[in-house]
1. (1) loosely packed, with under 12 Cβ neighbours inside 10 Å; (2) part of a loop (DSSP other than H, G, I, E, B); (3) among the polar types (S, T, N, Q): which one isn't true of residue 13, the others all being true?
2. Among the residues of the range 80-101, write down those that are of a type in the set (Val, Ile, Thr) and either in contact (Cβ under 8 Å) with a residue 40 or more places away in the chain or under 21 Å from residue 52 (Cα atoms) (or both).
3. Sort out which residues of the range 58-101 are assigned to a loop (DSSP other than H, G, I, E, B) and over 21 Å from residue 12 (Cβ atoms), and write them in order of number.
Amino acid sequence: MAIVDVTVIPIGTETPSVSKYVAEVQEILESFTDRISYRLTPMSTLIEGELSDLLEVIQAIHEAPFQHGIDRVATNIRIDDRRDKKVRMEDKLEAVQKHRN
């Protein structure tokens, strides 16, 4: 199981706001929830699942702004792929909290 932190940045939008593109990314993510789980944050989106599924999802969300006439998209991806044990997003948060008590 892998966790991906991904940010899709459409370049050349009509306004500085990109919330409509983020909303579309969420719709695409919803269509994959049989294989992945995700969490929207104020600055990026976290997605967890099998790496092959995550890479398919990333390609789909990267392509989305192009479908609306955007000519340039920058996508930042950070992958945490741990293979010695299954670790979910919640597990990582709980591990940090244990050190705070």
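The values are calculated or read from the model by the stated rules, or taken from the named source; none is laboratory data. Owing to the predicted nature of the structure, the values given are computational and were not obtained by experimental measurement. Virtual Cβ from ideal backbone geometry, glycine too; neighbours counted across all protein chains shown.
1. Unmet condition: (1).
2. If we filter the range 80-101 for residues that are of a type in the set (Val, Ile, Thr), which is where we start, we get 87, 96.
Listed by number, the list holds a single entry, 87.
3. In the first step, residues of the range 58-101 are kept if they are assigned to a loop (DSSP other than H, G, I, E, B); the result is 69-71, 82-88, 101.
If the condition is that a residue be assigned to a loop (DSSP other than H, G, I, E, B) and over 21 Å from residue 12 (Cβ atoms), then 82, 83, 84, 85, 86, 87, 88, 101 are the ones that fit.
Residue by residue, here is whether (1) β-branched (Val, Ile, Thr); (2) at pLDDT below 95 holds:
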position: 6; (1), (2): yes, no
position: 10; (1), (2): no, no
position: 15; (1), (2): yes, yes
position: 30; (1), (2): no, no
position: 54; (1), (2): no, no
position: 71; (1), (2): no, no
position: 78; (1), (2): no, no
position: 85; (1), (2): no, yes
position: 98; (1), (2): no, yes
